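Bear in mind these aren't lab numbers, they're just calculated from the coordinates by the rules spelled out. Note that the coordinates shown come from a computational prediction; the quantities given were computed from them, not determined experimentally. Cβ placement follows ideal geometry from the backbone for every residue including glycine, while neighbour counts extend to all protein chains displayed.
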Amino acid sequence: MKKILLVEDEEGLILTLTDRLTSEGYEVESATDGDIGLSRGLTGAFDLILLDIMLPGRSGFDVCRRLRQGGIPAPILMLTARGGVVDKVEGLQIGADDYMAKPFEMAELLARIEALLRRAIAWAKPAPETFRFGAVTLDFTKTEVIKDGQPVILSAREFQLLRYLIENRGKTLTREELLEKVWGYDASLFTRTVDVHMAWLRQKLELNPKAPEHLLTIRGVGYKFAEA
Ligand code: CA
């Protein structure tokens, strides 16, 4: 049974979500403030974390950042009452995998949870392999990325995108293909999503993100990973 950690302070929402997720066959534990959420999340006992942003104690952003720093690889889906692109960008940059603005449709939330869990299983498959390019070393088994001897924090999605590009290195991949293979579901997604994640990967991994040597744009088509 998949275990979900729900970090949320609105009692009504805790009840509704717990009820629905439980009836869908998930095991749900809830934490009502950021500090408890962080300490529960750091146990590594969860397959997925639903994380509110506005929380007593410690913000969802801070919880997310610290979970990633603590090496927790579980998909994190952020929930917020605040709308707007800023939260989304900030959340995804610090290692969240997806984002939903309240109020949301339960069916949509369930679809995203399923998609995130499916992806997590897909990349948890053993791949005893490391891969080097430029100043970067990737360890697929540990989902670890080192650049210039320093660990780089990638979101699960960024790691999956990078992995797919590397597995298909030398081949030009369209944005549509990347969306389908890496994100795996269509709801409310745009090819722009791919561009944003590519920009983040370049920022984190390329020596000069403005003149990338490995994560290349193929104009009018999509992207390609080049080894050298
Ligand atoms: Ca809240």
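Structure values in brief
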| item | result |
| --- | --- |
| Residue match in region 31-43 (condition: without any contact (Cβ under 8 Å) to a residue 60 or more places away in the chain and among the basic types (Lys, Arg)) | yes |
| The listed residue being over 16 Å from the mean Cα position of the chain (by Cα), over 20 Å from residue 102 (Cα atoms) and of a type in the set (A, V, I, L, M, F, W, C), out of 74, 81, 45 | 45 |
